[in-house]
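Worksheet for the structure shown next.
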Amino acid sequence: MLNGIFLLLSLVYCGVILFFYLGLFRLKSGSNPNQFSVSIIIPARNEAKNITTCLNSLLKQTYPAEFIQIIVIDDHSTDQTAQIVQSFSERDNRIRLLSADPREPGKSPKKMAIKKGIEFSRNEFIFTIDADCEVTPEWLTKMVRYFEADVGVVVGPVSYHHEKNLFQKLQSLEFLGLVIAGAGSIGMNRPIIANGANLAYRKMAFHDVGGFTSFENIASGDDDLLVQKIAHATKWKIRFAADHQARVRTHSAETIRQFLNQRARWASKSLIYPNFGLKLVLILIYLFYGFLFLAGLFISLKLLTPIFVSIGFLSKIIIDFFIMIKGCNILKRKDLLSYFLLTEILQIPYILYAGAAGVLGNFHWKEQKH
């Protein structure tokens, strides 16, 4: 009985990854030759140690300076974030500092900060990044090329950098897998994953779906929930910028606790994904990981046959390896492939923990417990 269920779950998992893999081959290069004015929105809370690097990288863009507006929304920081941004603003009139409105119970502070930045922006094209990120000099030039006339959203790649140890290398590969899965889903016209650290959309598309209305209370989701909403409720096309020069770089977690908190926060929005079929698939994949984690126990109880477990796990490794090769090629991170097998093993318990913690709301973010 369990052998059949396990094989079915294995097929579901491999089918989903194959779906993403095929989507990567359908990604197209950006072909828009025009340049237009953009507003870059940066919500920031206690980012004094990161905001200087972020703003300096934005000011080094090869994109025409007169087309760039940078809006930093200070979300009640208790450090020197606001003062640092203000000093930049005094030297460069492209940068504007706003203060977030008083927090409203039941509403995500980050979403409210982004919403305020959009309301203040003077341009149709909105770009969001996080304050702890650094962009390449070609970032805007490459991202803008994907905004053809029918495109409402461009999802950009995000990667970790400056890894100091094995733990951070493993995170980089695991995170790259999430980014590539999101890229593949976009290639198949079924957007699932996006990251607000590198996301661009038309203000019109944002307003077409009522912005963050209906998920303002979720700690995360200013990215993939918004993208899914635009994909399902409008005719705007979603594109993925499959160009390593369009990437935004950020830092991996320094501790296991930070890592698990972050992943639990990301998992917390899965139950409100608008597509029932997607939620069902995610549940089946979670059960697949549960079977893998308990495989030794099930085998000892003679509930599972070793050969079935071997087939299922080997199939997962093979299909994962193919998509990771493609992903590492796109983002120019082939060096991470040497950590593949170890990541495959450690991924199992972390997925189970993060999924449960996210659904139960057991995580911290920005000094707040959820």
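The values are calculated or read from the model by the stated rules, or taken from the named source; none is laboratory data. Please read these numbers as outputs of a predicted model, since none were measured by experiment. Glycine gets a Cβ as well: all are built from the backbone with ideal geometry, and neighbour counts include every protein chain shown.
Checked against the criterion of being closer than 22 Å to Thr141 by Cα and either surrounded by 14 or more Cβ atoms within 10 Å (Cβ to Cβ) or not assigned by TED's automatic domain parsing to the domain that holds Ile330 (or both), the candidates Ser77, Ser10, Ser39 yield just one match: Ser39. Screening the candidates Leu304, Leu282 for the property of being surrounded by 16 or more Cβ atoms within 10 Å (Cβ to Cβ), within 30 Å of Val153 (Cβ to Cβ), assigned by TED's automatic domain parsing to the domain that holds Ile17 and of a type outside the set (Ser, Thr, Tyr) yields one hit, Leu282. For Leu294, the test of being farther than 18 Å from Leu11 by Cβ, modelled with pLDDT of 90 or more and touching a Ser or Thr at 6+ places or on another chain (Cβ under 9 Å) is failed.
Considered as a group, the residues in the range 131-150 that are touching a helix residue (DSSP H, G or I) at 6+ places or on another chain (Cβ under 6 Å) and β-branched (Val, Ile, Thr) include one that is farthest from Arg45 (Cα to Cα), and that residue is Thr136. Of Ala205, Ala131, Ala149, Ala113, all but one fail to be in a loop (DSSP other than H, G, I, E, B), in the same structural domain as Leu55 (by TED's automatic domain parsing) and either among the β-branched types (Val, Ile, Thr) or buried (at least 18 other Cβ atoms within 10 Å of the Cβ) (or both); the exception is Ala131. Number of residues in the range 279-335 that are without any contact (Cβ under 8 Å) to a residue 40 or more places away in the chain and not in a helix (DSSP H, G or I) equals 3. Taken over the range 227-258, the criterion of being assigned to a helix (DSSP H, G or I) and either of a type in the set (Gly, Ala, Ser) or within 25 Å of Lys326 (Cβ to Cβ) (or both) is satisfied by Val227, Gln228, Ala231, Ala233, His244, Gln245, Ala246.
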